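Notes for the one structure printed next.
The values are calculated or read from the model by the stated rules, or taken from the named source; none is laboratory data. Since the model is a prediction, treat every value here as computed from it, not as a measurement. A quick note on method: Cβ atoms are made from the backbone with ideal geometry, for glycine too, and the neighbour counts reach across all protein chains shown.
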Amino acid sequence: EVQLVESGGGLVQAGGSLRLSCTASGFVADDYTVGWFRQVPGKEREGVSCFSHSNGATYYTESVKGRFTISSDNVKNTFYLQMNDLKPKDTAVYYCGVDLHGRYWNIPRCAPFEYDYWGQGTQVTVSS
């Protein structure tokens with residue numbers, strides 16, 4: 001069974017840090033492009049950061065550049081989003097995802113419709 005299980009969300013003060021984890025089972029995530037997305041009420045799901053295992057290329061949405069880092073531990077079949085200097089605007093439900101076809105692209109796609117598998121979501125709340 002293909003499954004993504006994510007964890008690491010919570011409540012943090014502005015300026016604080018969290019690390020989200022996404023563990024894959026039923027397949028090997030390092031064969032594919034992986035990503036982190038977020039969604040708030042009334043807004044479309046947004047690609048936050050995506051990573052291509054094929055060539056190591058990364059994507060970050062402009063609002064998180066310099067603050068968030070995506071990484072992967074292939075032995076654990078887990079990938080992460082390290083979030084530093086969190087801001088209230090980062091408050092959202094965060095989802096991890098896997099794009100089965102991203103391996104064919106030089107730059108990771110980070111649009112939600114491209115992704116095939118999803119984690120269950122984890123709430124990140126940043127207080128001011």
Which members of the range 1-12 meet the condition of being at negative phi and touching a Leu at 6+ places or on another chain (Cβ under 8 Å)?
GLU6, SER7, GLY9, VAL12
Looking at the range 59-79, is at least one residue farther than 19 Å from GLY10 by Cα, out of contact with any strand residue (DSSP E or B) (no Cβ under 7 Å at 6 or more places or on another chain) and among the aromatic types (Phe, Trp, Tyr)?
no
Of the conditions (1) in a loop (DSSP other than H, G, I, E, B); (2) among the hydrophobic types (A, V, I, L, M, F, W, C); (3) in contact (Cβ under 8 Å) with a residue 60 or more places away in the chain; (4) out of contact with any Ser or Thr (no Cβ under 8 Å at 6 or more places or on another chain), VAL75 satisfies every one except a single condition; which number is it?
(3)
Restricting attention to the range 81-111, report how many residues are hydroxyl-bearing (Ser, Thr, Tyr), over 24 Å from VAL12 (Cβ atoms) and within 10 Å of the chain's Cα centre (by Cα).
0
Of all residues being among the aliphatic types (A, V, I, L, M) and part of a loop (DSSP other than H, G, I, E, B) in the range 22-67, which is surrounded by the fewest Cβ atoms within 10 Å (Cβ to Cβ)? Just the residue, please.
VAL28
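If you check GLN120, GLN82, which single one turns out to be assigned to a loop (DSSP other than H, G, I, E, B) and modelled with pLDDT of 95 or more?
Every option except GLN120 fails the conditions.
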